[in-house]
1. For segment 127-198, report the accessible area per residue in Å² (1.4 Å probe, heavy atoms, rounded to an integer).
2. What's the Cα-based Rg to Rh of segment 174-217, Rh via Kirkwood?
3. In nm, to one decimal, how far is the residue 274 label point from the residue 239 one, both placed 7 Å along Cα→Cβ?
4. Add +1 for every Lys or Arg and -1 for every Asp or Glu among the other residues with Cβ under 10 Å from the Cβ of residue 214, and state the total.
5. Given a cut-off of 20 Å, what percent of all Cα-Cα pairs of segment 68-127 lie beyond it?
6. Could you list the residues of segment 100-125 with an amide nitrogen less than 18 Å from a label point located 7 Å from the Cα of residue 144 in the Cα-to-C-beta direction?
7. Collect residues whose amide H, placed 1.01 Å from N in the peptide plane, falls under 5 Å from the amide H of residue 231; neighbours closer than 5 in sequence don't count.
8. Using the C-alpha gyration tensor of segment 92-200, what are the square roots of 5 times its eigenvalues, in whole angstrom, with the largest one first?
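The values are calculated or read from the model by the stated rules, or taken from the named source; none is laboratory data. Computed from a predicted structure; not experimentally measured. Cβ placement follows ideal geometry from the backbone for every residue including glycine, while neighbour counts extend to all protein chains displayed. Ligands, DNA and RNA are stripped out before the accessible areas are found, and what is left, the full protein with its side chains, is counted by its heavy atoms. Shrake-Rupley method; radii C 1.70, N 1.55, O 1.52, S 1.80 Å.
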Amino acid sequence: MSLRIVVLLAVLSGVTGSPSVTPRPEADSAFMTVHPNSVPETVEETELSETLDILVEEEADEDVMETGELNPNHYQAQRAAKVVQHYLNTRYGSPYRLLGLHRVHSGNAEDVEGSGRKYQLEISVQEIISNMTEKCSAEVLFPRGGQQRSPQVQASCEELLKINTTAQEEALYQQYKMKQSLFSAQNVPDSYGHIDPDTKPFWHLCIVASSFIMLNESSENTLFNVAQVANITQLATENDQLKFDCHVLLHEMVSQEIIHWKLLFTWSPPEGVKVQQMEQLPHCHHCEKPPNTN
């Protein structure tokens, strides 16, 4: 901390001759999407003491989780809300229903003795395909203890679940259930961010299946997105489920790691997505970063 103060003093003195600088515009709240650890600031940088206070506060934020009412744009509320997105997709996601976090309206955090840390959230959830949005209440409990355990989530977004996708799902299911050649695709999206329209339902299926991983792996210190599907292959099956082998790349936005996972999952309209196996693959040191990881 003392080194950061010395460097800051040197920069301010060297550039301006005095510890005052030209004020900058307020940080936009959308900056949270650029870096999940960032807290939007409004700082009048004409006083050195105020700048140093901000540095101290930022360091403390990473070490001590706040309790009580949270800033909705703060990384604590955003990470907990993202877990709700994964949870909803594991329960309700399909090739034609994909749920995403639209906005955090309010959040509250408390330590629950003997259980963990509980977040109560008011959020807006968007159904990505239809572009419908609904305000929902949610609760996320991150269990305490040395061993990683999945967060416990309660949430309901009933209006979004009324979107009727039965006809589209049944048509897709029948098409690939009866098709002699099995579906396969690689690098979705491609290096230009493009997804073929016929591949989009399977891209959505991979996101839903990956939500089981992201929910299971999530903690207060993570923020997961699907970056790319390296490949997806339909497998032959004699039962009523369509079966897929999938290699996905997940972007952990706090560490900036790209993590590779293999998934074996099934899908049918009445049963939804069922993950049978998931395995984290060794880190790929020579792999290129996928195109769209936001």
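1. Values: 4790 Å² over 72 residues.
That works out to 67 Å² for each residue.
2. Value, to two decimals: 1.05.
3. Simple spin-label model gives 0.4 nm for this pair.
4. Net charge in that neighbourhood comes out at -1.
5. Everything past 20 Å amounts to 31 percent.
6. Zone members listed by number: 109-120.
7. Close amide H contacts, sequence-distant or interchain: 187, 247.
8. Values: eigenvalues 243, 68, 43 Å².
The equivalent ellipsoid of segment 92-200 has semi-axes of 35, 19, 15 Å.
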